[in-house]
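Novice: There's a structure below that I have some questions on.
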Amino acid sequence: MEKPVVLAVDDEPSVLAAVARDLRRHYGADYEVMRAASGAEAMAALRELKLAGRVVALLVVDQRMPQMTGVELLAQALELYPEAKRVLLTAYADTDAAIKAINQVRLDHYLMKPWHPPEELLYPVLDDLLDDWRADFQPVFEGVRVIGHRWSADGHRVRDFLARNLIPYRWLDIEADAEATELRELAGAAAEPLPLVILSDGTALSRPTIAALAERVGLHTRAVSATYDLVVVGTGPAGLAAAVYGASEGLTTLLIEREAPGGQAGTSSRIENYLGFPVGLSGADLARRGVAQARRFGAEILSPMEAVKLDSRDGYHVLTLSDGSSVASQALIVATGVSYRLLDVPGAERLAGAGLFYGAAITEALAVKDQDVFVVGAGNSAGQAALYLARYAKSVTLLVRGRALAESMSKYLIERIEEAGNVAVMAGASIAELHGGESLEEVSILDAATGAVSRVPARAVFVFIGASPRTEWLAGILQLDQQGFILSGPDLERQPNRRPNGWLAEREPFWLETSVPGIFVAGDVRRQSTKRIASAVGEGAMAVTFVHQHLRGPAAAQRPVLAKGP
Ligand SMILES: Cc1cc2nc3c(=O)[nH]c(=O)nc-3n(C[C@H](O)[C@H](O)[C@H](O)COP(=O)(O)OP(=O)(O)OC[C@H]3O[C@@H](n4cnc5c(N)ncnc54)[C@H](O)[C@@H]3O)c2cc1C
């Protein structure tokens with residue numbers, strides 16, 4: 001394949017020469033750096049590239065140009081190359097225009113001139129953007145192929161697993177794609193049940209379990225050692241942050257994840273309020289960066305693998321994992337977050353994954369192309385999903401149980417929903433029943449004000465109706481509240497002037513420490529946590545500080561030394 005293109009555009013010859021030189025120096029080996037001296041010249045070049053079937057990875061465009069401004073050029077370029085990353089070069093006076101362009105042309109970054117030294121001001125930003133571009137871009141496809149029925153629950157399970165674990169795959173619909181039938185026959189699996197997963201070496205797996213698939217696509221599911229300084233359960237923002245700080249500060253650190261790195265945040269189509277990312281970033285990008293950072297410092301990640309049982313003895317915490325193996329640690333951080341609440345109406349259990357989805361907006365977006373879809377919920381996650389799906393679906397109807405969105409959704413999302421031409425909000429409405437054979441066909445919607453039920457066609461319903469912790473496996477070991485959230489530090493129940501109930505150490509518990517010394521909690525699973533990415537990250541980092549204090553404490557000297565081997 002020819003090299004992807006990076007296009008620099010500036011009307012000042014000396015600036016254009018400088019930016020092209022800096023780009024070539026750092027990216028010339030992997031990208032073809034091209035330049036244009038005006039918006040018109042850039043558009044002509046992009047049209048030619050499109051005709052020639054070339055791929056454009058990045059546009060670096062000056063804002064102040066005569067005839068066509070940088071933002072105007074990016075708006076036109078978006079139609080030809082929607083996946084290319086977009087960077088605007090600005091002077092201080094153009095900052096307002098740049099901030100407006102974030103929404104207008106989905107700007108990825110604005111870069112203040114001058115950008116010297118490029119090693120500090122230019123390359124780190126562009127490296128990140130090009131990494132994101134590469135992660136999303138799939139050239140001639142050599143990876144995993146999944147053949148199945150568009151609306152099958154098993155097919156959804158496999159696709160969701162691959163997508164959330166950032167494993168590139170190509171989906172082939174057996175009903176609509178002739179290549180799917182051909183490949184199935186070629187693999188000698190014409191009679192095998194679907195979904196059929198064909199690996200890059202040609203091996204075909206018919207209806208594989210997630211564990212078998214994980215093993216075959218090379219995910220790491222066995223711990224290297226039997227003991228660690230720190231084990232973190234859950235790789236959402238809290239767990240990943242804990243691993244980054246733990247591993248970078250010299251603790252041998254193991255992360256255990258039941259589904260896929262990123263947690264709830266990993267399912268978000270666009271996170272816009274996380275500090276340091278003014279133009280927002282997708283949950284998948286945040287997860288990928290967090291995983292890379294944790295691994296770079298030496299943290300080990302087991303995924304998919306569930307922690308199912310916890311015992312604490314002799315100052316060690318022993319986790320039993322879903323494959324029956326166990327792992328011990330001196331300190332443990334529980335960062336297991338919360339899971340979507342399930343819709344409790346007739347038809348919901350049977351049609352889950354077959355038209356009814358929980359937080360799967362990204363995986364299913366292409367499947368809803370030109371369809372009418374419903375999103376249930378009134379929180380920010382429902383709003384984000386509605387806007388994301390609206391880019392693909394013909395129409396999106398947001399079903400809101402309350403009277404208005406303002407009660408539960410951020411203002412910026414409400415404004416976007418009002419601006420979107422194909423998103424409708426139905427207030428005082430909820431789903432009463434789901435209907436369909438193999439997959440969802442219709443939904444019954446209840447109008448709370450009149451009590452009337454209307455039955456309408458629907459191919460897909462996405463549900464975001466809050467979430468609750470899944471901590472049953474910790475009941476009786478850690479103090480939990482009635483909903484299953486974990487108590488810690490000052491919240492722990494205790495008799496007046498006593499240490500917390502069941503607490504077995506000489507000292508008081510640290511702020512994020514649970515009722516068992518050495519076991520900490522961080523993020524959404526903690527009682528009365530803030531339910532924000534930034535706070536989950538903050539708590540993950542903070543918990544590690546307490547881990548160090550615990551490991552330095554007097555009990556450490558009494559802990560027996562355990563063998564490290566597997
Ligand atoms: C769609 C959506 C969009 C959102 N958008 C925003 C936003 O824009 N800004 C914002 O600030 N917040 C947003 N949030 C909220 C934010 O994502 C959460 O507050 C944050 O992810 C909490 O992080 P956490 O690490 O505590 O838990 P989680 O993200 O819930 O991660 C917990 C992880 O633990 C794993 N796990 C659970 N139990 C086990 C077990 N027994 N063994 C192994 N692994 C286990 C889970 O699989 C999961 O991966 C959004 C949430 C959703 C759902």
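Novice: Carbon and sulfur together cover what percent of the accessible area of the stretch 279-355 at a 1.4 Å probe radius? Walk me through the numbers on the way to the answer.
Specialist: Details: 1520 of 3150 Å².
Solvent-exposed carbon and sulfur of the stretch 279-355 make up 48 percent of the total.
Novice: Rounded to the nearest 0.05, what FRET efficiency is calculated for Phe297 and Leu121 with R0 set to 25 Å and r the Cβ-Cβ distance?
Specialist: Numbers: r = 25 Å, r/R0 = 1.00.
The formula returns an efficiency of 0.50 here.
Novice: Can you give the charge dipole size of the chain about its Cα centre, rounded to the nearest 20 debye, using +1 on the beta carbon of Lys and Arg and -1 on the beta carbon of Asp and Glu?
Specialist: Working: 56 positive and 69 negative charges, 220 e Å.
For the chain, the charge dipole is close to 1060 debye.
Novice: Quick check on the chain: helices-only [θ] at 222 nm, where DSSP H runs of length 4 and up contribute -39,500 (n - 2.57) each and the sum goes over total residues. Nearest 500, please.
Specialist: On the way: 17 runs with 173 residues, N = 566.
Rounded to the nearest 500, it is -9000 deg cm²/dmol.
Novice: Turning to a different aspect of this structure: Only bridges whose two residues both fall in the stretch 314-420 count here: according to DSSP, what percent of them are antiparallel, nearest 5?
Specialist: Values: 4 of 10 bridges.
Percent antiparallel among DSSP bridges in the stretch 314-420 is about 40.
Novice: From largest to smallest, what semi-axes in whole angstrom does the stretch 61-187 give when each is the square root of 5 times an eigenvalue of its alpha carbon gyration tensor?
Specialist: Numbers: eigenvalues 332, 54, 31 Å².
Value: 41, 16, 12 Å, ordered largest first.
Novice: Here's a follow-up. What is the distance, in nm, between label points placed 7 Å from the Cα along the Cα-to-Cβ direction at Trp473 and at Ser326?
Specialist: Computed distance between label sites Trp473 and Ser326 equals 1.4 nm.
Novice: Out of the total accessible area of the stretch 159-270 (probe 1.4 Å, heavy atoms of protein only), what percent is carbon and sulfur? Kindly include the intermediate steps, with their values, before the conclusion.
Specialist: Values: 2260 of 4530 Å².
Roughly 50 percent, rounded to a whole number.
Novice: Once you charge only the Cβ atoms, +1 for Lys and Arg and -1 for Asp and Glu, what is the size of the charge dipole of the stretch 287-384 about its Cα centre, to the nearest 20 debye? Mind showing how you got there, number by number?
Specialist: On the way: 9 positive and 10 negative charges, 78 e Å.
Rounded to the nearest 20 debye, it is 380 debye.
Novice: When DSSP beta bridges are limited to those with both residues in the stretch 354-481, what percentage is antiparallel, rounded to the nearest 5?
Specialist: For the stretch 354-481, the DSSP antiparallel bridge percentage is about 40.
Novice: Need the full-extension length gain, Ala190 to Ala44, defined as separation in residues times 0.36 nm minus the C-alpha distance. One decimal, nm. Walk me through the numbers before you get to the answer.
Specialist: Details: separation 146, 0.36 × 146 = 52.56 nm, distance 4.79 nm.
Full-extension gain reported as 47.8 nm.
Novice: Sort 364-377, 326-339 for me by packing, meaning the mean count of neighbouring Cβ atoms within 10 Å per residue, highest on top. Walk me through the intermediate numbers first.
Specialist: On the way: 364-377: 19.6, 326-339: 24.7.
In decreasing order of mean packing, 364-377, 326-339 become 326-339, 364-377.
Novice: In terms of the ratio Rg/(2.2 N^0.38 Å) built on C-alpha atoms, what value belongs to the stretch 19-100?
Specialist: Working: Rg = 12.8 Å, N = 82, 2.2 N^0.38 = 11.7 Å.
Against the empirical 2.2 N^0.38 Å value, I get 1.09 for the stretch 19-100.
Novice: Now for a different question. What are the extents of the Cα atoms of the chain along their three principal axes, listed from largest to smallest and rounded to whole Å?
Specialist: 75, 62, 55
Novice: Only helices at least 24 Å long along their own axis, judged from Cα atoms, and with Kyte-Doolittle mean hydropathy of -1.0 or greater: name those in the chain from DSSP H.
Specialist: Working: long enough: 533-552 (29 Å, 0.63).
The answer, listed by residue number, is 533-552.
Novice: How much of the accessible area of the stretch 19-64, probe 1.4 Å, is carbon plus sulfur, in whole percent? It would help to have the intermediate numbers written out before the result.
Specialist: On the way: 1120 of 2190 Å².
Using a 1.4 Å probe with all protein chains present, the stretch 19-64 comes out at 51 percent carbon and sulfur.
Novice: Less than 24 Å apart at the alpha-carbon level, and either on another chain or at least 8 residues along: which lysines does that give for Lys309?
Specialist: Cross-link targets: Lys564.
Novice: If R₀ is 25 angstrom, what is the calculated FRET efficiency for the pair Glu407 and Leu366, using the beta carbon separation as r and rounding to 0.05?
Specialist: Details: r = 32 Å, r/R0 = 1.29.
Step by step, r from the Cβ atoms, then E = 0.20.
Novice: Could you work out the relative contact order of the chain? I mean the mean sequence separation of Cα pairs under 8 Å and 6+ apart, divided by the number of residues, in percent. Can you show the working numbers first?
Specialist: Numbers: 1154 pairs, mean separation 61.8, N = 566.
Reported as a whole number, the value is 11 percent.
Novice: In addition: In square angstrom, what is the accessible area per residue of the chain with a 1.4 angstrom probe?
Specialist: Details: 26020 Å² over 566 residues.
So the chain comes to 46 Å² accessible per residue, rounded to a whole number.
The values are calculated or read from the model by the stated rules, or taken from the named source; none is laboratory data. Remember, it's a predicted structure, so these values are computed and weren't measured experimentally. Neighbour counts are summed over all protein chains in view; Cβ atoms, including those assigned to glycine, are modelled from backbone coordinates with ideal geometry. Each accessible area value is taken on the protein alone, full model and side chains, heavy atoms only, with ligands, DNA and RNA left out. Shrake-Rupley method; radii C 1.70, N 1.55, O 1.52, S 1.80 Å.
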